[in-house]
Amino acid sequence: MLDQRTPFRVVDPNVHLDVVVPQLASAPVLNRRLRGIAKTFVHSFRHTLRAEAGRPGRYHAMTIGWQLLGHSGQATGIQLWVAQQHGLTVTIERVTVWYDTPTETVLALPDVIAPRAWPAVVSAIADALTPTYRPNRVRAALGADGATRGKGPTFGFAADGDLVVTFAAGVLSGGSEPVSVRLAKSPLASRLSAAGRSARAATQAHRAPAKPARADCAKRRCVALTFDDGPGSFTAELVALLQQHEVPATFFVVGDRVRQSPDLLATVSAAGMEIGNHSSFHDELTFLAARDLKRDLEATSDAIAAATGHRPTLLRPPYGSRNATVDRVSEHLGLSEILWDIDTLDWRYADSRRVQNVAVGSAGRGSIVLLHDVHRTSVGGVPGIIRGLQRRGFTLVTVSELLGDRTVPGRVYRQQATAHQR
Ligand code: NI
């Protein structure tokens with residue numbers, strides 16, 4: 001388990017700046033690197049704000065969040081993602097940092113490859129990118145320093161063990177998208193260094209987390225926590241919290257956000273969380289014509305399936321707003337409508353303690369509790385909510401578990417055993 005200390009945070013609501021990066025109890029070198037990256041981004045964000053001071057009315061925001069790529073006694077991989085908005089332009093950058101515990105070093109790509117195999121790996125990557133990108137440019141980038149704000153690539157391991165090497169946008173060409181290359185597991189196996197093998201093993205150890213056992217809610221007193229509107233900046237932190245407490249939850253995600261952070265959603269799902277559909281753009285669904293509604297919900301289910309490998313069976317209509325058309329289209333798409341009986345109003349009161357009191361105090365057997373993981377204060381209240389509900393004798397489960405895995409498409413559910421026929 002990750003031995004986290006208080007994370008490093010920079011929060012300035014006046015300029016829509018919100019940064020959180022993890023700090024581990026036993027890895028000062030890694031901590032320093034993570035803080036350094038965060039500070040570099042904050043510095044350049046503030047610089048942009050000063051440069052733009054003469055242009056009032058433009059909206060600026062920056063959020064930095066993180067997710068765990070892998071963790072073992074030998075290696076830890078952390079991905080930071082940096083979302084910025086300047087005017088109407090939104091960008092997301094990802095930076096991966098791999099740390100080798102025995103040598104207390106942050107690893108660059110050449111460190112994970114055995115020295116004798118490095119030339120072959122460079123050629124393989126250059127070949128894979130030819131003719132779209134110039135080989136000498138690829139080679140120069142591969143030799144460049146630092147997988148942070150330097151030109152060097154970031155890297156990680158896919159679920160099947162392939163090495164994924166990613167060049168930031170603009171490094172290989174003028175394009176605005178990052179460029180990734182996958183190196184197949186089999187030739188790679190003999191080319192990894194000891195540190196590379198540790199990093200890969202750490203990824204695989206992390207990808208197969210111990211999932212909480214499924215509970216029988218016909219016999220036990222169950223409550224389902226649900227988190228809407230993500231995936232967002234605090235989702236990874238929330239999932240880490242839930243995993244630490246060995247508690248599952250259900251995430252109703254917005255398709256547009258899933259398309260921006262498919263990797264993040266994959267992590268949420270891999271951690272044993274249930275994923276439901278919360279529409280593509282968080283529109284009020286009753287305002288959409290049936291055809292547009294169908295397209296909207298299908299696009300989100302497609303994005304979820306692409307990211308997680310599972311097609312959702314649950315829909316939460318934004319604002320709980322539904323009508324006969326929403327019911328009919330949901331039925332057609334195989335989606336049950338999941339409302340709630342406990343509304344924490346966490347979006348209105350940015351107050352962890354209040355959220356905690358409402359969730360713990362109001363929940364009863366079979367309750368579905370509405371929360372939002374896009375609010376820091378909601379995520380902050382989660383440890384207290386878990387403790388409070390468990391103290392009251394409740395078992396925390398996903399919505400599907402709560403409803404006995406027998407939800408009917410097109411039907412509306414607000415809690416356990418209260419299926420309302422339309
Ligand atoms: Ni919502």
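Values quoted throughout were computed directly from the atomic coordinates according to the rules given, and no laboratory measurement underlies them. Bear in mind the structure is a predicted one, so any value in this text is a computation, not a measurement. Cβ placement follows ideal geometry from the backbone for every residue including glycine, while neighbour counts extend to all protein chains displayed.
The spacing between the stretch 247-265 and the stretch 16-93, judged by their C-alpha centroids, is 20 Å.
The alpha carbons of the stretch 109-252 give a radius of gyration and a Dmax of 20.0, 65 Å, in that order. Using a cutoff of 8 angstrom between alpha carbon atoms and counting only pairs six or more residues apart, the relative contact order for the stretch 291-422 works out to 27 percent.
The lysine pair tally for the chain, using Cα distances under 27 Å and a gap of 8 or more places or different chains, is 4. Taking the C-alpha atoms only, the angle from helix 235-244 to the longest principal axis of the chain is near 80 degrees. Compared with the dominant principal axis of the Cα atoms in the chain, helix 352-362 is inclined by about 40°. Ordering 382-390, 94-102 by mean Cβ neighbour count within 10 Å, with the highest value first, yields 94-102, 382-390.
Ordering of 352-359, 224-231 by packing is 224-231, 352-359, highest average first (other Cβ atoms within 10 Å, averaged per residue).
In terms of the mean number of neighbouring beta-carbon atoms within 10 Å, the peptides 338-347, 291-300 order highest first as 338-347, 291-300. Note on the chain: with a GNM built from Cα contacts shorter than 10 Å, the maximum mean-square fluctuation among VAL21, VAL42, VAL258 falls on VAL42.
At q = 0.17, 0.26 Å⁻¹ the log10 of I(q)/I(0) for the stretch 13-97 amounts to -0.71, -1.31, computed by Debye summation with a single uniform scatterer per C-alpha, solvent ignored. If the chain linking ALA53 and LYS39 were pulled fully straight, counting 0.36 nm for each residue of separation and taking away their Cα-Cα distance, it would gain 3.0 nm.
Counting every other Cβ atom within 10 Å of each residue's Cβ, GLU337, GLU93 order from fewest to most as GLU93, GLU337. Averaging Cα coordinates gives a centre for the stretch 349-386 and one for the stretch 163-198; these two points are 40 Å apart. Compared with the dominant Cα axis of the chain, that is its longest principal axis, helix 118-129 is turned about 60°.
Each of TYR413, TYR319, TYR349 was scored by other Cβ atoms within 10 Å of its Cβ. Listed from fewest to most, they are TYR319, TYR349, TYR413. In the stretch 90-206, taking the dipole from charged Cβ atoms about the Cα centre, the farthest positive-side position among ALA128, PHE157, LEU188 is held by ALA128.
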